[in-house]
Amino acid sequence: MKRHETALSSGGTILRIEDLACPKCETPLQSGRESLTCSRCNQSWPIEAGVPHFVQQFPYWGEIPLEQMEEVNRRAEAGSWKSALLDFDDPDVQRASSMILNLDRANWQWLANLPPDSRVLDIGAGMGANSHALALEYREVVALEPVLERTRFMQQRFSQEGLSNVKIVRGSVWDLPFGPESFDLVAMNGVLEWVAQSKTGDAGEVQQQALRKMQRLLCPGGYIYIGIENRAMFQYLIGYLDPHCRLPFITILPRPLANWYAKRHGQSQGYRNYLYSSRGYRQLLEKTGFTDVEIYVAMPSYNDPRFLVPLKSNVFSYYSQAFNPVRGLSVRNLVRKMLLASGVYQQFQYSFAILARKATP
Ligand SMILES: [Zn+2]
């Protein structure tokens with residue numbers, strides 16, 4: 001299979017802490033033993049246990065509640081990161097473990113088809129499943145994560161797995177210590193819908209700002225990956241809760257109405273977790289400097305993608321006829337039958353895996 005080429009700017013060297021750039025002005029940082037400094041902005045960031053911290057205050061957030069997470073870290077530090085999850089008799093930890101351990105989460109990488117000497121940035125790396133999987137395939141991975149407890153977990157995970165090609169950086173979309181054209185692939189798995197949370201101003205504009213930052217970090221021809229929910233999921237039309245702000249109908253309402261509705265339901269910031277339809281994601285990416293947008297339906301979800309089906313295919317009607325035929329005459333079944341017959345069924349699924357490339361000048 002032919003691999004796409006990207007114009008890698010790093011010339012085959014491994015990114016060192018000394019190569020990081022100021023998140024504000026992109027000046028190369030000066031590194032001391034315990035901190036990094038920008039001589040231009042006159043600002044410093046600490047290095048703790050080899051991990052530079054570009055975010056120092058960030059509320060805990062994660063699939064495991066804080067108390068159990070601290071115990072997971074204690075156990076991982078004392079023994080094995082895997083047993084810390086698998087042998088922990090707690091329902092929250094058990095529920096989260098399969099997702100944290102699942103390296104197939106990054107199976108979308110095969111659609112990008114990058115050469116093995118690529119450098120990858122995993123934004124919002126969480127408990128490290130994507131970074132782990134990517135580190136097995138590519139020269140270097142930077143796992144960027146703002147939550148302290150999760151960076152501590154990843155440190156154990158990667159060092160116990162002998163994955164010396166993953167660098168952990170404590171940071172967020174808004175504190176990126178890298179110069180332009182530093183990466184061949186930037187992964188945003190379950191991130192774009194959260195980026196406006198910590199910012200003011202129009203949420204859609206904030207998401208565009210974040211995407212432009214990613215575009216700047218990519219080498220020409222480099223890939224962005226976005227794993228995200230579909231605004232037009234069929235179940236949202238019948239009142240299913242939005243998985244981010246836990247309100248019904250909010251995803252499908254026009255944005256100003258959604259904003260008003262969220263405020264009325266106690267969310268003082270309004271509605272910030274904008275999702276889009278496939279057409280919306282395509283427009284968003286094209287508007288922010290990307291090209292070759294390819295959208296796949298991730299089934300059952302982008303966090304557990306057993307199937308990645310190209311949006312422009314008739315696999316769904318085949319699948320439905322072969323394995324899951326519509327039986328009975330409920331309204332729901334009739335709607336499904338209609339959507340299948342008209343070939344738009346895939347437009348109403350739960351989530352997408354999206355790949356796009358930075359245009360080559
Ligand atoms: Zn600076």
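What about residue 357, is it closer than 29 Å to residue 289 by Cβ and touching a Phe, Trp or Tyr at 6+ places or on another chain (Cβ under 9 Å)?
Spelling it out, residue 357 is indeed closer than 29 Å to residue 289 by Cβ and touching a Phe, Trp or Tyr at 6+ places or on another chain (Cβ under 9 Å).
I'd like the residue in the stretch 21-34 that is touching a strand residue (DSSP E or B) at 6+ places or on another chain (Cβ under 6 Å) and within 16 Å of the ligand (Cβ to nearest atom) and, out of all such residues, is farthest from residue 174 (Cα to Cα).
Out of the qualifying residues, it is 30.
When residues of the stretch 76-91 are filtered for being closer than 21 Å to residue 151 by Cβ, of a type outside the set (A, V, I, L, M) and modelled with pLDDT of 95 or more, how many remain?
6
Is there a residue being farther than 20 Å from residue 230 by Cβ, in contact (Cβ under 8 Å) with a residue 24 or more places away in the chain and not small (Gly, Ala, Ser) anywhere in the stretch 297-320?
no
Do any residues in the stretch 144-160 that are surrounded by fewer than 22 Cβ atoms within 10 Å (Cβ to Cβ) have Cβ atoms under 9 Å from those of residues that are basic (Lys, Arg) and assigned to a helix (DSSP H, G or I), where the two are at least six apart or on different chains, and which pairs are they?
160/82
Could you list, in sequence order, the residues of the stretch 114-133 that are over 13 Å from the mean Cα position of the chain (by Cα) and in contact (Cβ under 8 Å) with a residue 24 or more places away in the chain? Walk me through it before giving the result.
Residues of the stretch 114-133 that are over 13 Å from the mean Cα position of the chain (by Cα), as a first pass: 114-119, 132-133.
If the condition is that a residue be over 13 Å from the mean Cα position of the chain (by Cα) and in contact (Cβ under 8 Å) with a residue 24 or more places away in the chain, then 114, 115, 117, 118, 119, 132, 133 are the ones that fit.
Looking at 351, 313, which is the one that is among the small types (Gly, Ala, Ser) and within 16 Å of the chain's Cα centre (by Cα)?
None of the other options fit; the residue is 351.
I need the full set of residues from the stretch 318-361 which are in contact with a Lys or Arg (Cβ under 8 Å, 6 or more places away or on another chain) and either farther than 30 Å from residue 113 by Cα or not in a helix (DSSP H, G or I) (or both), in order please.
326, 333
Check off (1) surrounded by fewer than 19 Cβ atoms within 10 Å (Cβ to Cβ); (2) touching a residue at least 40 places away in the same chain (Cβ under 8 Å); (3) touching a strand residue (DSSP E or B) at 6+ places or on another chain (Cβ under 7 Å) for residue 357 and give me the number that stays unchecked.
(1)
Given the condition polar (S, T, N, Q), within 17 Å of the chain's Cα centre (by Cα) and closer than 23 Å to residue 295 by Cα, answer yes or no: does some residue in the stretch 191-206 qualify?
no
The values are calculated or read from the model by the stated rules, or taken from the named source; none is laboratory data. No experiment lies behind these values; they were computed from the predicted model shown. Heads up, the Cβs are rebuilt from the backbone with ideal geometry, glycines too, and the neighbour counts pull from every protein chain shown.
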